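The values are calculated or read from the model by the stated rules, or taken from the named source; none is laboratory data. All values derive from a computational prediction rather than experimental measurement. Cβ atoms come from the backbone with ideal geometry, glycine included; neighbour counts cover every protein chain shown. SASA here: full protein model, heavy atoms, side chains in, ligands and nucleic acids out. Shrake-Rupley method; radii C 1.70, N 1.55, O 1.52, S 1.80 Å.
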Amino acid sequence: PEAAEAFLAALAERVALAVATVAAVLDPGCVVLGGETGRAGGRGLARRVEVRLATLSPLVTEVRAARSGGGAVLSGALLTALDAARDALFVPGIRPPA
């Protein structure tokens, strides 16, 4: 248990540093720890990252752990690409060539 706590603390420190860098530019309001890191670390890691992040940045950023796997990101990207393709192909007011 002590080794696991030390590992989570070190991981939270590294993740918080990365999030602070991105949050300084984007100010996302909420960051989701996705993929295997989010699933394995869970709420405990998210809480540690959020606490550490609060000491690194004046911006308030909520940190959550994802409940779905890495496939969720791919699915979201595919849906976004499909929406963009539909928008590009079916422009209102323009009829396709006969």
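Any idea how many residues of segment 41-85 are small (Gly, Ala, Ser), assigned to a helix (DSSP H, G or I) and modelled with pLDDT under 85? Number of matching residues: 5. Of all residues in segment 16-30, those satisfying the criterion of being open to solvent by 30 Å² or more (accessible area, probe 1.4 Å) and either hydrophobic (A, V, I, L, M, F, W, C) or in a helix (DSSP H, G or I) (or both) are LEU17, ALA18, THR21, VAL22, ALA24, VAL25, LEU26, CYS30.
Residues of segment 7-22 that are closer than 18 Å to ALA66 by Cβ and either among the polar types (S, T, N, Q) or touching a helix residue (DSSP H, G or I) at 6+ places or on another chain (Cβ under 7 Å) (or both): LEU8, LEU11, ALA12, VAL15, ALA16, VAL19.
Pairs are defined by a Cβ separation below 9 Å, a sequence spacing of at least 6 or placement on different chains, a first member in segment 10-22 that is in contact (Cβ under 8 Å) with a residue 40 or more places away in the chain, and a second member that is polar (S, T, N, Q) and not in a helix (DSSP H, G or I); the pairs so defined are ALA16/SER57; VAL19/SER57; VAL19/THR61. You will find that of ARG43, ARG48, the residue that is among the basic types (Lys, Arg) and under 25 Å from GLY76 (Cβ atoms) is ARG43 and no other. The residues of segment 1-40 that are among the hydroxyl-bearing types (Ser, Thr, Tyr) and at pLDDT below 90 amount to a single one, THR37. Of the residues that sit in segment 31-43 and are open to solvent by 50 Å² or more (accessible area, probe 1.4 Å) and not polar (S, T, N, Q), which one is nearest to GLY71 (Cα to Cα)? Ranking the candidates gives GLU36 first. Which members of segment 30-64 meet the condition of being under 12 Å from the mean Cα position of the chain (by Cα) and aliphatic (A, V, I, L, M)? Passing the criteria: VAL31, VAL32, LEU33, ALA46, VAL63.
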